[in-house]
Amino acid sequence: MGSRILIVDDEVAHMRALCDTLGAHGYDTVGCASGAEAMQALQAWQALQAMQAREPDPSQGGRFQLLLADLMMPGLDGIGLVQAARAIDADLACIIMTGEGTISSAVQAMQVGALDYILKPFKISAILPILVRALETRNLRIQNELLERRLREHAVQLVRMNEELRVARMQADRANQAKSAFLSNMSHELRTPLNAILGFAQILTSEKLVSTPAQKKQFANNILLGARHLLKLTNDLLDLAKIESGALSLDLERMALAPVLQECRTLVDPQARLRGIDLRVAVPELAWVTADRMRLKQVLINLMSNAIKYNREFGCVTVHCGAASGEQLRISVQDTGPGLNDEQVASLFQPFNRLGQEGGTQEGSGLGLVLTRHLVEKMAGEMGVVSTVGMGSTFWIALPGCAGIDVVCTA
Ligand SMILES: Nc1ncnc2c1ncn2[C@@H]1O[C@H](COP(=O)(O)OP(=O)(O)OP(=O)(O)O)[C@@H](O)[C@H]1O
Ligand SMILES: [Mg+2]
């Protein structure tokens, strides 16, 4: 089907003849005897579009591709019609038909959006190229608009991609810096006990440096301490590496919590006794969790050991359980230590950051909490801390599970 042309002329015979002739040349013509009637035809198409609630598709244009309007008409004349029609469909190609004496008005019509004008009377062979040219111009305009729209969309996309790239690069830089800091801290942490081991071993094996049997025992003890520290450090580092590479395998099972906590308590009890810490474990007998047994113990021992280490002499550590949001069980480890201020809380969970405990009496490398949080999250849990300076801290974990009832104090 050829292009659709709306032909508007108050000389009805002329309008019909034009419809027939152009129809015979393959155009799909609709004739109207007035501007108002033509507007109705255009508005009907507009209403149809609105009803279909479709995004106007500029490649399709309106129902009519071309408006061929007489200039002088009673009521809405050619100029008014071109203006009103283009307000409905900006892609509509418009041509004005006019008599010899009104060329200046035809030019005026072109100023309001008509593409061309035809002088009456005309031969059909003379106007056919004008119609073809107007339709081609219309198509070019539509294609241009489409290209411009795509260009604008691409520009927006490009800006967004650039921004994503910038953020990704920033994140990669930050990760890189964190990795470098981690490596340099790790080397330092490994070197310190290794140097101590080497130093004491050198003294023990030296023939020049004579030491008493009591000193020898002390040096051997120091070597043992350094070696144990090194072993814990390397174990923690290996665990962290496994977690980061996704190679940590967990054996998740549903288990009663009381026996697990009892085992952990037995393991940290000697450490608590050394500092005169009162260790209380309050466990609901029916409480259960879904976790990896070995990793859960590692997590609980880390938290209980911290609560003992960073406590006052003869202080108290209380482990208790309760329901958390969702299907989770919350296990809290509360101490009566010095507590942490907001700045210190914000610096927790950073590898090798011991919050000033480096010079203190308590052993450690600052990996415990980082590892603990990773392990808890791997077991579909969460971890947090609440602390008040001068009162103490409560480190808590929440894991899939249930608190049950009947709290049993095993202190
Ligand atoms: N219960 C607590 N009360 C006060 N400070 C704490 C507590 N737990 C941890 N901290 C602080 O957070 C730091 C980091 O704890 P984390 O357990 O990660 O390392 P660490 O105990 O120093 O060494 P390790 O790797 O052997 O556990 C500690 O050095 C300590 O300063
Ligand atoms: Mg620790």
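Read-outs throughout are calculated quantities, based only on the coordinates presented, and are distinct from any laboratory measurement. The model shown is predicted, which means the values in this text are computed figures rather than measured ones. A quick note on method: Cβ atoms are made from the backbone with ideal geometry, for glycine too, and the neighbour counts reach across all protein chains shown.
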With -39,500 (n - 2.57) per DSSP H segment of 4 or more residues and division by the full residue count of the chain, the 222 nm estimate, nearest 500 deg cm²/dmol, is -18500 deg cm²/dmol
Result: in the chain the number of Lys pairs with C-alpha under 22 Å apart, spaced 8 or more or on different chains, is 13
Expected unfolding gain across Asp173-Ala47 under the 0.36 nm per residue rule, minus the alpha-carbon gap, is 39.8 nm
Residue span Arg141 to Val210: 0.36 nm per residue of separation minus Cα-Cα distance leaves a gain in nm of 14.9 nm
If each part is reduced to its alpha-carbon centroid, the range 338-380 and the range 207-235 end up apart, in Å, by 27 Å
GNM on the chain, Cα springs under 10 Å; top mean-square fluctuation among Glu244, Glu207, Glu327 goes to Glu207
Highest GNM mean-square fluctuation among Glu136, Glu358, Glu285, for the chain with Cα springs under 10 Å, belongs to Glu136
The FRET efficiency for Arg166 and Glu343, from their Cβ-Cβ distance with R0 = 35 Å and rounded to 0.05, is 0.70
